[in-house]
Amino acid sequence: MSVPSAWYLVLAAVLFGLGATGLLIRRNVLVMFMCIELMLNAVNLTFVTFSRDLNDIGGQVNVFFVLVVAAAEVVVGLAIIVAMFRRRAAATADDIHILKG
Amino acid sequence: MKTTGLPILNIIVFLPLAGAIICLLLPSASWSSTSLRRSSWSTGRPAPAPGPVSTLGPAGIVGLVVALLELAFVIFLVIDYPTSGHAAGFQFVSRHSWIGAFGIDWSLGVDGISLFLVAMTALLFPIAMFGPTLRGNSRAFMGWMLLLEAACMGTFLSLDLFVFFVMFEITLVPGYFLVAGWGGARRNYAAMKFFIYTFAGSAFLFVAIIALVVLAAPRNGGHQTFDLITLARIAGSLPHADQVLIFCGFAVAFAVKIPLVPFHSWLPDTYTEAPTAGSMILAGILFKLGAYGLLRLGIYVVPVGAADMAPVLLTLAAVGIVYGSLITIMQKDLKRLVAYASIVDVAFIVLGFFAFSSQGVTGGVLEMVNHGLTTGAIFFLVGIVWERRGTLRFSDLGGLQKSMPIMAAVFLAVVMSAIGLPGLNGFVGEFLVLVGTFATHRWWAVVATVAVITAAVYMLWAYQRVFHGPVLNPANDAVADISWRELAVVAPLLVGIVFLGVYPRPFLERVTPSVNYLLDRVEQAAPNAHVPKTHNVTYSLPANQDVRGGPPGAAGAASASGSGGAGSGGSSGSVPSAAGSTPGSATASAGGSK
Amino acid sequence: MLAALLADSSGQALAHASAWAVFAVGAAMILTGALGVVLLRNPVHCALMLVITLFGIALEFIDQSADFLAAVQIIVYAGAVVILFLFVIMFLGVDRKEAISAEPTRFQRPLAVLLGVVALVEILALSRIDHWSAGTPSQSGALSGPGSNVQKLGQAIYTGYLLPFEMTAALLVIAVVAAVVLSRRHQPSASEMSELDQEELLSARRFTPPDQGDQS
Amino acid sequence: MNAAYLIPALPLIGAIVLLFGGRRLREPLSGWLATIMAVGSFVATVIVWVSLLGKQASARSIDKNIFTWVPVNSLHVNAGLQLDPLSILWCLFVTGVGSLITLYSIGYMHGDPSFSRFFFLLNAFVFSMIVLVLADNYLFSFFGWEGVGFCSYGLIGFWFDRDTAAVAAKKAFVTNRVGDYGFMIALFLLFQHFGSFNYRDVLHSHLSGSFATGLALMLFLGAVGKSAQIPLYMWLPDAMEGPTPVSALIHAATMVTAGVYLVARSAPIIHFSSAAQWTISIIGAATALLAATIACNQNDIKRVLAYSTVSQLGYMFLGEGSGDYGAGIYHTVMHAFFKALLFLSAGAVIHALHDEQNMKRMGNLRRYLPITFPAFMIGFLALAAIPPFDGFWSKDAILAAAWHKSPALWAVGVLTAFLTAYYMTRQVVLVFFGQSRWFDHAKERGAAGDHHVYEAGGVPHEAPATMTVPLVILAAASVLGWLLDAPFGGLDFINKWLAPLFPPTVAPAFSVATGTKWLIGLVSVAFALAGLASGVAAWRRAVDRPRLEPAVLEHAWYIDEGVSRTVAGPLTRMANTFSFVIDGRLVDGLVRAVSGSFAASGRQLRRVQTGYVRNYALGISAGAVIILFYVSLRAGS
């Protein structure tokens, strides 16, 4: 009837991999956040896919919650970034490493 | 099994704890605590020596009252302890379920072995708390000391492995803070070494206890139990290899605590750096926790393992005696020398225990008490020298007898006790250990007896370098002699030293039944352990030895009439060797009846 | 909804083809956008590419009859989150290009790529295995059946998932408060200051004339 | 017979009173207290002795059990007394000589700041010695044995501010402890074999030869330490650092004879082992000869006497080893008289010359010391074994026994007798005859600021009465004491008295033909006279005769130095290695290596914590990858 769920899952996996790779290679904190959003969306996609596959509304409910959490996370994260940028002009994640052992 | 209406053992454990809590709640003398924190914690520099604090501040009064009350209770316990032949088992047992799900009980009990360790603890603590001049925060000091006392009492009295372990570990905390808070120049290093080393040893103890409990559970109807007596009953049915491994776990943990060569290297640092009171308690009592654990957990619970490993421990002890003696001789600092000398003394304790003869084990128990008294006194006296002179290096001392004659006399008495002069306590313990060891393990005893010579060498050499000789250093010329207060503080220890040396019978009468009971267990569990038959063998003793303790005149008359002709018979054939039924059997049969 | 519409009117084949078409378009948007986010240097461009991805995701949601989620996706993500990103970028003025080639740790980038690839391979390998959907049937309600998607979703959220839902509300409030606190430019009170700062402050006060000190 | 308790109790009470109240009693009250206690003990001993005399010879034993000392199962040791002929004999001369010397000390120690301490130690010593001899078992004897060792330590180091005294005290104690090692091993053997330490149990058993040899040799090792025999004799000459009464009492008359007592007491053990008997007699003879050669060349008046004591103790052991315990004990008693006399006289000389001990700085003192001089001469003649003084008779008995054992031992004994006469003559000539050499040295010392010297006209003065009275009594004893066991006229009191203790089974009677006895006596007298004559000839005129004073003898054959070089040196080095290399570096080093390895691994692992968020993210994703890998493996299978 429609596209087999495996395709969606592969697509989500690729998206997740891209997001993860981006998180690891980018140094701009904002872009790192965006990569996290990519990964969250990949997960959302699998949720919806499984929801359809298993004929269960629960997957979609979870997506809803993920959306909320992602929004909250973005809000707090961006606030942190703003506070951080106030203190020092440097923008990259690598400039902050005082937790070095 | 004797019980009284008064839960006396619980009182003995909880009274110091309550005292510690009260000390904690007292308002702090803020100036002293801040100065202490500033100087010793934040910076590594030595404290600028806050002046001596009057020990009779509010905390001091609480400490004194609690410690003396505790002593009173313990004296009551010792007096109340039954001396008859039935006294081999645990007395005054108090048992309450604590953590029922794991079979953990709060159970306390005392037998002849722990009785005098408790007594010594109760005696030594007030002396250590109020003898040496205290510098620094008295509130914290009293609190830690009382906590330490409670933990030591708990360790000696516990009949539950969990309680034992908890108490055993709790002692480390006050020990650490006493060394780190009131110690010498390298106190932080010493305290850390002490804590980590012994704590690492305790890991083995923990594993051994858990292993024992878990392995014993299926044989106890599936119920886990930490009860000492139950475990001791079950442990015999465990596989042989398991028992040996469990014993090894115990042995390693306690060998570190005791400490047995080669696990001793934390000791000299700790004892040298500890404050006087800390050294007294550490050496006098904390050593004994290990030795007591070896006896109570090692030999009592897993006798098979103990019998299997006895040659190893005997060898370590004999090596420790010789090795420790050699090292002690060359020390250049009085306190360090005394610390090393302790290694030799505790090696004697271990030697006696693992000889598995009643003389050896009894001697070992006596040696534990002896060492507490002697070392407590010696560290106290060393502390006095330190306070007066500010140095303990032999090269700085010498000729002190000129300005402090009474001190020299007291010191000599204690030194002679450490050397093992008959008439003082050291000899009785040492002799019993050696004679007991000789009976079962001859060559170990022959090696260990070398300490008779070496102890004289290092102790007298030290004494000579401190008190004898011309006064070469003008600072030694006008040193204040021991004060009346200090003399009064050390007097109880001296009385104990002399009393146990001259008349150890009250002590031995209470210890021997418990030791016999213990050795019976070893004998039954490990028939190959070469336990000499203590009960059946009664040696030829003349009839007059049955007369004990009575008025001298009566005894004399009895002996004169009973055996007048035996000694000077002249005809060598008259050997009263057949008269064997009477004498030692009164005490010996005590253990047999169990 | 579109897919359902197509399926109703034109039969299986058309519905099939249209579903594939939607999927392909969505996938293309997603991948393009994701690659753009990862590879573009300018954060503003990255944010815009993120929008493309989010639209693609919304398409895939529609393709799987998650209509409400698709709407929320566009409203919340594209409408709020990305705008917030852009707002921050503009607000802070950090829209300069990032020197992607500069790396403090040598192994970071190759390892990251490698890990990404390996992870991808592993996920794909996993997806080739059929055991992954062998869970117990759900309790939260069937997806198919009568009623609209929104209705069913609402029913699930306000009945079975009520407590999590309320907790998300609390979470959002907390996040708002946190954002306010974090981004507020505050004067530290004395108790928050380090010892050094306090001493500086005290010495500064000591040397200011009394009238000025009162004002401060 | 409760006087038995008084024998040890009185000196004990005296010691306790002096220990706690001595500083308040002060001089001379504490001295008199100690003397009274010692005399009281002597009187009590005499009372017991008399009561024993009234009994049958076989029933002469009183047992007193004071209390149970150490009861542990089969080990049951009483603090008990056994008053039998042997112990009472020892007790008599210990308390008797002890009383005299305590009395003498009141004068000798006059003005010493630690007056009371001295008398405390003297009384404690007498108590310990009494316990040693009166105890009814080996362990309680060991109590006294160590007690006398302790008192000896305290008294040798009495003048503790002299380095030499402090070192000598320590040396004495430690050397004694080496002997005690043997004693303790013997105690262990006794317990293991008999289960008892009581003399009456132990001494009436039949023993196998090898066990008896081991036991006897271990006991003898104890005796060797206490009685300063080869190889443990070095402490006794050094012990002369103590005050002279101490040298007289402890290091000549009583304590050093404890070894003789122990061997005599253990005779029923020793007789099972001929090896032990031979060892005892050979060591005795060798010590006698060695010490006599060294004594020939000492310049310190007390060291000569000390080596002489060692030598005479060797005689005693020679006698005991040869099986004639009576002779050994006889000599012990005689020696107690005349050696105490000699030491006290020497003390009077030293006192007169204000602590001058070098014989080369004396001379011509016979004119100044009218009582000391004859007393010393009597002691000299007794020691040199000139008949009819004490030493001759007892030494003659020993030599007869040695002849019976082996002519070689006898020859050594006779040679020693010659040397004894020689070195004692040298001493007498140097001290009392010739020219007054002390005067020059006194002037030197006066010039050096020692104004104390010879204030009274620069002339040595005789000692006060408290010192001379004991001299007179001991001199009388040295002249007449031999009658206690004279070998004729039924005067052999000591032999008869001790007969029950040494029955023929223990000490087989032997008879030396009367003619041989005469011959032995004449030969020894001849040798003694020859020694005397050669001494006079050599030292009448000259003070320094380098050819007769080789350095090797002055340094006591370099044995002390040799021992320090070959034994003490390496031992010290080994101990040093142990304490600072093995213990400090190896044992503690291992501990520190373990802790160091933790610290080092921590330092290395710390570098993982870069502080870069993205590195952590890398770590997280690596973990995720690993988990995924695991899951896919599990799922695939």
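Quick look at the values:
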quantity: For B:Glu486: the one exception among (1) at the interface with chain D (Cβ under 10 Å from one of its Cβ atoms); (2) of a type in the set (D, E, K, R); (3) surrounded by 21 or more Cβ atoms within 10 Å (Cβ to Cβ); calculated: (1)
quantity: Every residue from the range D:199-250 that is among the small types (Gly, Ala, Ser) and over 30 Å from D:Asp112 (Cβ atoms); calculated: D:Ser205, D:Ser208, D:Gly209, D:Ser210, D:Ala212, D:Gly214, D:Ala216, D:Gly222, D:Ala223
quantity: Boolean, D:Gln277 is modelled with pLDDT of 90 or more and under 24 Å from D:Asn297 (Cβ atoms); calculated: no
quantity: All positions within the range D:25-71 that are within 12 Å of chain B (Cβ to nearest Cβ), among the hydrophobic types (A, V, I, L, M, F, W, C) and without any contact (Cβ under 8 Å) to a residue 12 or more places away in the chain; calculated: D:Ala59
quantity: Selected residue [β-branched (Val, Ile, Thr) and in a helix (DSSP H, G or I)] from B:Val319, B:Val301; calculated: B:Val319
quantity: The lone exception for D:Val581 - which of (1) within 30 Å of B:Val261 (Cβ to Cβ); (2) in contact with an Asp or Glu (Cβ under 7 Å, 6 or more places away or on another chain); (3) of a type outside the set (Phe, Trp, Tyr) it fails; calculated: (2)
quantity: Filtered residues of the range D:584-603 (kept if under 15 Å from B:Tyr197 (Cβ atoms) and either touching a residue at least 24 places away in the same chain (Cβ under 8 Å) or within 11 Å of chain B (Cβ to nearest Cβ) (or both)); calculated: D:Val587, D:Asp588, D:Gly589, D:Leu590, D:Val591, D:Arg592, D:Val594, D:Ser595, D:Phe598
quantity: Pairs where the first residue, in the range C:45-64, is outside any helix (DSSP H, G or I) and the second is modelled with pLDDT under 95, C-beta under 6 Å, 6+ apart; calculated: C:Gln64/A:Val48; C:Gln64/A:Arg52
quantity: Test: residue in the range D:559-574 that is facing another protein chain (nearest Cβ under 8 Å), under 26 Å from B:Phe194 (Cβ atoms) and under 46 Å from the mean Cα position of the chain (by Cα); calculated: no
quantity: Residue check, D:Val563 out of contact with any helix residue (DSSP H, G or I) (no Cβ under 9 Å at 6 or more places or on another chain), surrounded by 13 or more Cβ atoms within 10 Å (Cβ to Cβ) and either among the β-branched types (Val, Ile, Thr) or not in a helix (DSSP H, G or I) (or both); calculated: yes
quantity: Test set (1) over 29 Å from D:Asp238 (Cα atoms); (2) in a helix (DSSP H, G or I); (3) of a type outside the set (Phe, Trp, Tyr); (4) in contact with a Phe, Trp or Tyr (Cβ under 9 Å, 6 or more places away or on another chain) - D:Val552 fails condition number; calculated: (1)
quantity: Residue count, the range B:256-265 (criterion: crowded, with 24+ Cβ neighbours inside 10 Å and in a helix (DSSP H, G or I)); calculated: 1
quantity: Residue identified as part of a helix (DSSP H, G or I), modelled with pLDDT under 90 and in contact with a Ser or Thr (Cβ under 6 Å, 6 or more places away or on another chain) among B:Gly284, B:Gly360; calculated: B:Gly284
quantity: Those residues of the range D:243-264 which are buried (at least 24 other Cβ atoms within 10 Å of the Cβ) and over 13 Å from the mean Cα position of the chain (by Cα), in sequence order; calculated: D:Thr244, D:Pro245, D:Val263, D:Ala264
quantity: The range D:158-197, subset in contact (Cβ under 8 Å) with a residue 60 or more places away in the chain and basic (Lys, Arg), residue nearest to the other protein chains (Cβ to nearest Cβ); calculated: D:Arg162
quantity: D:Ala397 vs. criteria in contact (Cβ under 8 Å) with a residue 24 or more places away in the chain, outside any loop (DSSP other than H, G, I, E, B) and in contact with a Ser or Thr (Cβ under 9 Å, 6 or more places away or on another chain); calculated: no
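To keep it simple, each residue is scored yes or no on (1) within 14 Å of chain D (Cβ to nearest Cβ); (2) surrounded by fewer than 24 Cβ atoms within 10 Å (Cβ to Cβ); (3) assigned to a helix (DSSP H, G or I).
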residue	(1), (2), (3)
B:Phe194	yes, no, yes
B:Pro218	no, yes, yes
B:Thr230	no, yes, yes
B:Ala241	no, yes, yes
B:Phe254	no, no, yes
B:Pro268	yes, no, yes
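The values are calculated or read from the model by the stated rules, or taken from the named source; none is laboratory data. All values derive from a computational prediction rather than experimental measurement. Note that we place each Cβ from the backbone using ideal geometry, even for glycine, and neighbour counts take in every protein chain shown.
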